[in-house]
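So the structure is just underneath, and the comments pick up after that.
The values are calculated or read from the model by the stated rules, or taken from the named source; none is laboratory data. All values reported here derive from a predicted model rather than from experimental measurement. In this analysis, Cβ positions are derived from the backbone assuming ideal geometry, glycine residues included, and neighbour counts consider all displayed protein chains.
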Amino acid sequence: MSELSSGLALLEGQVSVAAALQSPYRDVQVVYVRAERDDPSTSSGHRRALRWLEHRAREAGVPVERKAGEEIDALAEGSSHGGVVALVGERRTLALADLLPADRPAFVVMLDGIEDPFNFGQALRSLYAAGVDGLVLRPRNWLSAAATVARSSAGASELIPTAIAETAEEAASFFQPAGLSIACAAEEEAVPVFQADLTRPLFLLIGGEKRGITRSFLRQADLRLAIPYGREFRHSLGVTAAAAILGYEVMRQRGEDEGMTG
């Protein structure tokens, strides 16, 4: 991939670029579209999606430029861009207080210690689809790997309200006085997730496979959640599976699954 100017990143693929154009959290500088987009071998659905993308970009005042396929390939990190990339500014974050909705019990999640940007994006994708109100991250996180995270999250990384906290304990210390129960996945003294009351306002910490949850956070937690297994199995679930199970159980308990489909 070509060197980018400081503070700029590249997003790849129609889904990622479309999400960035819809998002209030990042400025899109320019969209590059493969010049031979009207090749007869390109599917009609793909051409329609490209026309919509160009229309949305122009509505937002973002220039769209044609580039040869080899130029797009040189810009991109991978080969799954589909002839569309965008040059974007830094991802903007919010204050922790801005993640709290005024009209319903909050559901805020912190992803911490995930060591792979693809897993991070996949977990974020499930949480966003499950209706999480906001995401908390440490200052050093995978948002810098914009192309991989946006692609693996199907654009959710561009859309989900996100705030930064130095540590999980710092975030919990903010949300607990605001009325949120502090929850995390744990093995000891834990309640099976399907038996826990998740309708209350929640701040949920999901830790990476290796780092896990610190003892200091476990002492701070109001609720420890266990994901039950259907057979004897000693290993913990990966973060992507755990995020999906926890996020959708919260959605199920709150009755937010009616009338909404993918």
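Miscellaneous remarks
- All positions within segment 112-137 that are at pLDDT below 95 and closer than 18 Å to Phe175 by Cβ: Asp112
- Qualifying residue in segment 228-246 (condition: in contact with a Ser or Thr (Cβ under 6 Å, 6 or more places away or on another chain), touching a residue at least 60 places away in the same chain (Cβ under 8 Å), crowded, with 17+ Cβ neighbours inside 10 Å and not hydroxyl-bearing (Ser, Thr, Tyr)): yes
- Counted as qualifying within segment 158-256 are the helices (runs of 4 or more DSSP H) with 2 or more residues that are in the same structural domain as Pro101 (by TED's automatic domain parsing) and at pLDDT 95 or above, namely 168-175, 239-253.
- Of all residues in segment 56-77, those being of a type in the set (D, E, K, R), assigned to a helix (DSSP H, G or I) and farther than 21 Å from Ser23 by Cα number 3.
- Scanning segment 55-97 for residues that are buried (at least 16 other Cβ atoms within 10 Å of the Cβ) and free of Cβ contacts under 8 Å to residues at least 24 places away in the same chain gives a single hit, Asp73.
- Given (1) under 24 Å from Glu115 (Cα atoms); (2) in contact with a helix residue (DSSP H, G or I) (Cβ under 6 Å, 6 or more places away or on another chain); (3) surrounded by fewer than 17 Cβ atoms within 10 Å (Cβ to Cβ), index of the condition Arg215 fails: (2)
- Selected residue [touching a helix residue (DSSP H, G or I) at 6+ places or on another chain (Cβ under 8 Å), farther than 30 Å from Ala178 by Cα, at pLDDT below 85 and not hydrophobic (A, V, I, L, M, F, W, C)] from Arg56, Arg37: Arg37
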